[in-house]
2 protein chains.
Amino acid sequence: MEDSSQIRGQLMISRPALAVEVANALRELILEGELASGEKIREKELTERFGVSRTPLREAMKMLSSEGLIELIPNRGAIISQTSDEDLIEAFPVLAALEGLAGAQAAKRATDDELAEIARMTQDLHEAFEKGDRPQYFAINQMIHNAILSACRNPILQRSHAAVAGQVHRARYQANHVSTRWQQAVIEHKQISDALNDRRADLANSLLNQHMMAKLSSVLRARTEAGSNN
Amino acid sequence: MEDSSQIRGQLMISRPALAVEVANALRELILEGELASGEKIREKELTERFGVSRTPLREAMKMLSSEGLIELIPNRGAIISQTSDEDLIEAFPVLAALEGLAGAQAAKRATDDELAEIARMTQDLHEAFEKGDRPQYFAINQMIHNAILSACRNPILQRSHAAVAGQVHRARYQANHVSTRWQQAVIEHKQISDALNDRRADLANSLLNQHMMAKLSSVLRARTEAGSNN
DNA sequence: AAAATTAATTATGAATTCAGAATTCATGTC
DNA sequence: GACATGAATTCTGAATTCATAATTAATTTT
């Protein structure tokens, strides 16, 4: 009945709403750490930066608040959500459960090419580790996790994961720059890649789950070392 | 340093932003099924209904789109997200993983009172089943799952769960009105309650996981029976 | 001089206005 | 009579404006 309109909607060039673009740009600023945690958002400043009026910016802020990236304070604007140690302790088990499920589904659904790509990246991770190239290590690590999420072909899972991951992204980034347990993490990644290649869903699930929980310990340790714990 | 202002912020009466209130009201309308899936949202209609201007309504719509409850179509407004069978097949494993984790954490963290309350509700569920009281059964079922989520004391988990649950809420409601596997579900609920009382986190995890996956089968069957499958 | 009260400024909340796109309806053509 | 073209209407997108709350600055009082 309304089918044609939907198909047209797909085919037609359609500029996304300005608010959505602003939301993406603002999300990027927050995730990249350009806007620090706890920082107050100045509408005027951002409207000038993005060259838009307050209306789309405020709509974008509402979207990010729904994602948990910022907190709206009535009549007092918004602040960038700050992640406490307690928040990380709550968030990582959720991330672990979601990535575990992603691994299980990826083990069943991923194409051979996707698995080969993950295996290749796992090898790259190993090399970055041996070279001691931290930024590269961090980047590849991200890519592997993204590849698994992508390979599970579950949009709802991807969305849920992104929502939680966004809240802890900065903390993870911080941790990889201060302290790591590279040796162990590289081994775990190899096991995960192997489990996926063997299509062992349950194993991939538990390995990813454990991997994420181990990462929590690492992140918490890094934060206490860095002293930036709150 | 800024502590006092935060404390003041907590203590002070602060009316939530109108957009947030509108979002809550609109969310309710959608979850209660008053606005059907696929239905087009008419801004004018809703502004008149809520007695607000378009600005807060549009901000609320942006929030709900971030939650996945509605879909924004550039220059063409928004529609209530419709949940296909495929969506349910993707969403339920996520729900299962999240509720499994909730059960595991609840087994560790819940107070004895909370567990007793869950046990009591599980008994009520049994009675509603024997009486054949469907609405009551559905309501208690909801309450039990909410109680477990609440007992796990993990705000991030609760938030993630709510986001996914919202998308399948209508489908589950529909299913409970058409077809059920009450007998089995009641048994499963008893097992879950017992596992929680015994503080067996892993068992509660897997039981809740399986329970949710069984529910998926039931919901899918109900939808094909009802013919409202798309 | 310190604290408190009040005035001024600034920022946010929400309605309105203006601009542009999509839909609908009417007219004309084949 | 069906389809296409074009005008009118309606709806959405975004900027502006108005109102109100919060913050800062200034003045007064102790």
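Just so it is clear, none of the values below were taken in a lab; they were calculated from the coordinates. Computed from a predicted structure; not experimentally measured. Please note: Cβ atoms are built from the backbone with ideal geometry, for glycine as well, and neighbour counts cover all protein chains shown.
Using just the helices of chain A, give the 222 nm mean residue ellipticity in deg cm²/dmol: DSSP H runs with n ≥ 4 each add -39,500 (n - 2.57), and the total is spread over all residues, rounded to 500.
-25500 deg cm²/dmol
If you project the alpha carbons of region B:13-73 onto their three principal axes, what span does each projection cover, largest first, in Å?
37, 22, 22 Å, listed from the longest principal axis down.
Within 10 Å of each candidate Cβ there may be at most 11 other Cβ atoms; applying that plus a DSSP loop requirement, which GluC sites (Glu not before Pro) in region A:117-221 survive?
Qualifying residues, ordered by number: none.
Across peptide B:89-95, how many C-beta atoms of other chains are within 10 Å of each residue C-beta, on average?
Rounded to a whole number, the mean comes out at 6.
How large is the dipole of region B:49-150 about the Cα centre if only Lys and Arg carry +1 and Asp and Glu carry -1, each at its Cβ, rounded to the nearest 20 debye?
620 debye
Could you pull the Rg and Dmax for region A:25-164, using just the Cα atoms, both in Å?
18.3, 53
Dipole of chain B, Cα-centred, from +1 at each Lys and Arg C-beta and -1 at each Asp and Glu C-beta, to the nearest 20 debye?
Dipole magnitude for chain B comes out near 380 debye.
Under a point spin-label approximation (7 Å from Cα along Cα-to-Cβ), what is the A:R76-A:E48 distance to one decimal in nm?
Taking the simple label geometry, A:R76 and A:E48 are separated by 2.5 nm.
Any idea what diffusion coefficient the protein assembly as shown gets from Stokes-Einstein, in µm²/s, Kirkwood Rh on alpha carbon pairs, 37 °C, 0.692 mPa s?
Rounded, D is 138 µm²/s.
Comparing B:N205, B:N154, B:N197, which has the greatest mean-square fluctuation in the GNM of chain B with Cα pairs linked when under 10 Å apart?
Of B:N205, B:N154, B:N197, the most mobile in the Gaussian network model is B:N154.
How shielded is A:146-154 by partner chains, expressed as the average number of their Cβ atoms within 10 Å of its Cβ atoms?
1
Quick one: what are the phi-derived ³J(HN,Hα) couplings along region A:111-124, Karplus 6.51/-1.76/1.60 with θ = phi - 60°, whole Hz, x for glycine and proline?
Those phi angles translate into 6, 4, 4, 4, 5, 4, 5, 5, 4, 4, 5, 4, 5, 4 Hz.
Run the numbers on chain A and let me know its relative contact order in percent, using alpha-carbon pairs under 8 Å that are six or more apart.
25 percent
Quick one: Cα centre-to-centre distance for region B:100-138 and region A:12-78, in angstrom?
That distance is 41 Å.
Which listed residue (A:M61, B:Q82, A:S193) has the Cα farthest towards the positive end of the charge dipole for the protein assembly as shown, taking +1 on Lys and Arg C-beta and -1 on Asp and Glu C-beta about the Cα centre?
A:M61
Could you tell me whether region B:108-188 comes out rounded, prolate or oblate from its Cα gyration tensor? Rule is a ≥ b ≥ c as square roots of the eigenvalues, rounded for a/c under 1.5, then prolate if a/b exceeds b/c, otherwise oblate.
oblate
Return A:R153, A:R58 ranked ascending by Cβ neighbour count within 10 Å, so the fewest neighbours appear first.
Starting with the residue having the fewest Cβ neighbours, the order is A:R153, A:R58.
Run the numbers for A:L31 and A:A162: contour at 0.36 nm per residue of separation, minus the present Cα-Cα distance, in nm.
Length gained, A:L31 through A:A162: 46.0 nm.
Using 0.36 nm per residue, how much length does the chain from B:Q184 to B:R134 gain when fully extended, once their Cα-Cα distance is taken away?
So the chain would gain 16.5 nm between B:Q184 and B:R134.
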